[in-house]
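What follows is calculated from the coordinates using simple rules that are stated; it is not laboratory data. Note that the structure is a prediction, hence the values are computed from the model and not measured. A quick note on method: Cβ atoms are made from the backbone with ideal geometry, for glycine too, and the neighbour counts reach across all protein chains shown.
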Amino acid sequence: MKQFLNDRLPLDGVMAHLRKPLPKHINLLFSLGSLAMFLLLLQAATGAFLALSYSPTPDHAYNAVNYINDEVPFGKFVRGLHHWGASAMVIIVFLHILRVVLYGSYKAPRELTWVVGVLLLLVTLGFGFTGYLLPWDEKAYWATVVGIEISSTAPVLGDVVAKIMRGGAEVGAVTLSRFYALHTIWLPWLAFGLVGLHLFLVRFYGSSGTPKNTPEDMKTGKPFYPDQVFEDVVGMLILFVILACAALFAPVPLEDVADPTNADYDPRPEWYFLFLFQLLKYFQGPFEILGTFVIPTVGMLLLLFLPFLDRSERKVLWKRPIAMTVTSVCVVAIVGLTILGATAPKLETQEETQPTDEAQQVTPPDTETTDINEGEDVFDFQLTEEEIENAKDVGEESE
Ligand code: HEM
């Protein structure tokens, strides 16, 4: 069999390439990229399983998620893996970026690897944003309303982008379809294409090694296969065990079914968007746009163009005081704002929500038939009494 394949495919060449030595001093931090890849595959596998029982319509989505939790064999476990896997992916990608920055691995000739990486970061966050709406519970609905309102503040294209995301005047049936399509078709294709390109570039340039590597060290370390592959696989198994424990012992929360008339709801995004959400609180009135658009966009652009802004060849951290200071400030700001956002008290009017049979009867108004959010200010998503009455009327008509 081996001979048969060898005669037809360049297997020996591929093996020789994989057995090439890595630079010396490669440590565990170099497994973070492989762990991110493992998580992407795990998300694809668990997501494909969930999609077998899910239905992306406001009338069925919530009940489908309950059905997966309560009836589908291993449904709760797989949903748990998918939920905690998403959070783990954000953390691992964040740590991977930090490793690449601290070791100066983004510097020439690896600028393209970096740029593709930043696109992968955006895709990872896109998965989180689009997936959050799918359970169609209160927090899913209201976090999406706020997220889309925030994006509508962007100058020129903001309104158009918000309308395209919503597919109408308010978050409803078309929004759910669009987010589902993005989450299960568009973003996975994009992610796998970008990961393929990222890995090609990583192999093409070879690992950058650690800052203390001398030129002689670059080709005298352990081979990629089997040594590094073995370490990566051990890391993946450990990560899987941690996620499996989380899935078994920390059930994924599901609130009441989405109720667009619940004017008292205090929306919170998923934890990895909390730092942005917290940032908004410091910019009010005419300065709101600083928090909703200017700071996040400038931050993203600086990240994207980092290798072109920092042209120095120095890689050792203590000889790069600016890089060290900026990175520390960013990490402290992101972690600090996330903690502040997570510990901020909820609105007093907010009821602690548990799924109830009554709540499951609520049928949200159809997207195309109402325009209760049109023209609202960014954070003025508390509905007036008249708007609530309108929404109720439409809800009753559609029943
Ligand atoms: C789904 C997300 C990602 C996956 C699956 C992934 C995968 C990988 C893998 C397997 C490696 C080689 C091993 C290593 O150095 O850790 C790598 C290297 C690299 N990644 Fe990523 N990555 C992702 C996101 C990112 C992001 C967000 C960035 C930067 C913003 C980035 C920038 C880089 C760079 C510059 C290298 C080369 C490092 C070197 O040569 O030492 N990656 N990535």
Discussion item. In whole Hz and in residue order, list the ³J(HN,Hα) couplings for the stretch 275-282 that follow from phi through the Karplus curve 6.51 cos²θ - 1.76 cosθ + 1.60, θ = phi - 60°; x for Gly and Pro.
Written reply: 5, 5, 4, 5, 4, 4, 5, 8
Response to the item:
Quick calc: nm separation of the 7 Å Cα→Cβ label points for L18 and V252 -> 3.2 nm
Worksheet, complete the sentence: With x for Gly and Pro, the residue-by-residue ³J(HN,Hα) of the stretch 33-41, computed from phi through the Karplus equation 6.51 cos²θ - 1.76 cosθ + 1.60 at θ = phi - 60° and given in whole Hz, is x, 5, 5, 4, 5, 4, 5, 4, 5
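For the ranges 306-313, 161-168, what's the packing order if you count other beta-carbon atoms within 10 Å of each residue, average per peptide, and put the highest first? Present the calculation step by step, with values, prior to reporting the outcome.
Details: 306-313: 12.8, 161-168: 17.0.
So the order, starting with the most tightly packed, is 161-168, 306-313.
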Item to complete: At 0.36 nm per residue, minus the direct Cα-Cα distance, what do T214 and L194 gain on full extension? Give it in nm, one decimal, please.
Response: 4.1 nm
Practice prompt. Given the peptides 130-140, 327-337, 250-260, arrange them by the average over their residues of other C-beta atoms within 10 Å, most packed first.
Written response: 130-140, 250-260, 327-337
Item to complete: Express in nm, to one decimal, how much length is gained between L52 and L122 on full extension, taking 0.36 nm for each residue of separation and deducting their alpha carbon distance.
Response: 22.5 nm
Worksheet item: Between rounded, prolate and oblate, where does the stretch 64-127 land on the alpha carbon gyration tensor, with a ≥ b ≥ c its root eigenvalues, rounded for a/c under 1.5, else prolate if a/b exceeds b/c?
Response: prolate
Practice prompt. Name the most mobile residue of A154, A36, A86, meaning the one with the largest mean-square fluctuation, in a Gaussian network model of the chain with Cα contacts below 10 Å.
Written response: A154
Fill in: Proximal lysines relative to K346, as straight alpha-carbon distance under 30 Å, when same-chain residues fewer than 8 apart are discounted
K76, K139, K163, K281, K392
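Would you please classify the overall shape of the stretch 249-319 from the alpha carbon gyration tensor, given that a ≥ b ≥ c denote the square roots of the eigenvalues, rounded means a/c under 1.5, and beyond that prolate means a/b larger than b/c while oblate covers the rest? Write out the running numbers ahead of the final one.
Values: a/c = 3.73, a/b = 1.81, b/c = 2.06.
It is oblate, given that a/c is not under 1.5 and a/b is not larger than b/c.
What dipole magnitude, in Debye to the nearest 20, does the chain give about its Cα centre under +1 on Lys/Arg Cβ and -1 on Asp/Glu Cβ? Intermediate values should be presented prior to the final figure.
Working: 27 positive and 45 negative charges, 884 e Å.
Here the chain has a charge dipole of around 4240 debye.
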Discussion item. Skipping prolines and chain starts, which residues have an amide H placed within reach, meaning under 5 Å, of the one on N262, given they are 5 or more residues away or on another chain?
Written reply: none
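Order these peptides, 103-116, 5-18, 62-75, by their mean beta-carbon neighbour count within 10 angstrom, highest first. If you can, show how the numbers build up before the last one.
Working: 103-116: 18.4, 5-18: 10.2, 62-75: 16.3.
The peptides rank, most packed first, as 103-116, 62-75, 5-18.
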Item to complete: Order by neighbour count: R19, R79, R320, R99, fewest other Cβ atoms within 10 Å first, most last.
Response: R19, R99, R320, R79
Worksheet, complete the sentence: Restricting to lysines and to Cα separations under 21 Å from K2, and discarding same-chain partners fewer than 8 apart, the set is none
Worksheet item: What nm distance separates the two modelled labels at K163 and V329, each placed 7 Å from Cα along Cα→Cβ?
Response: 3.9 nm
Worksheet item: Is the chain best put as rounded, prolate or oblate by its Cα gyration tensor, with a ≥ b ≥ c the root eigenvalues, rounded for a/c under 1.5, and otherwise prolate when a/b is larger than b/c, oblate when not?
Response: prolate
Worksheet item: If you line up the long axis of helix 385-398 against the longest principal axis of the chain, both from Cα atoms, how many degrees apart are they, to the nearest 10?
Response: 90 degrees
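Mind checking the full-extension length gain between L41 and N27? Use 0.36 nm per residue of separation minus the Cα-Cα distance, one decimal, nm. Walk me through the numbers before you get to the answer.
Working: separation 14, 0.36 × 14 = 5.04 nm, distance 2.34 nm.
Extending this stretch completely gives an extra 2.7 nm.
Using helices alone, I'd like the mean residue ellipticity at 222 nm for the chain: each DSSP H run of four-plus residues gives -39500 (n - 2.57), total over residue count, nearest 500. All intermediate terms of the calculation are to be shown ahead of the outcome.
Values: 17 runs with 230 residues, N = 399.
Value at 222 nm, helices only, nearest 500: -18500 deg cm²/dmol.
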Worksheet item: What's the angle, to the nearest 10 degrees (0 to 90), between helix 138-151's Cα axis and the longest principal axis of the chain?
Response: 70 degrees
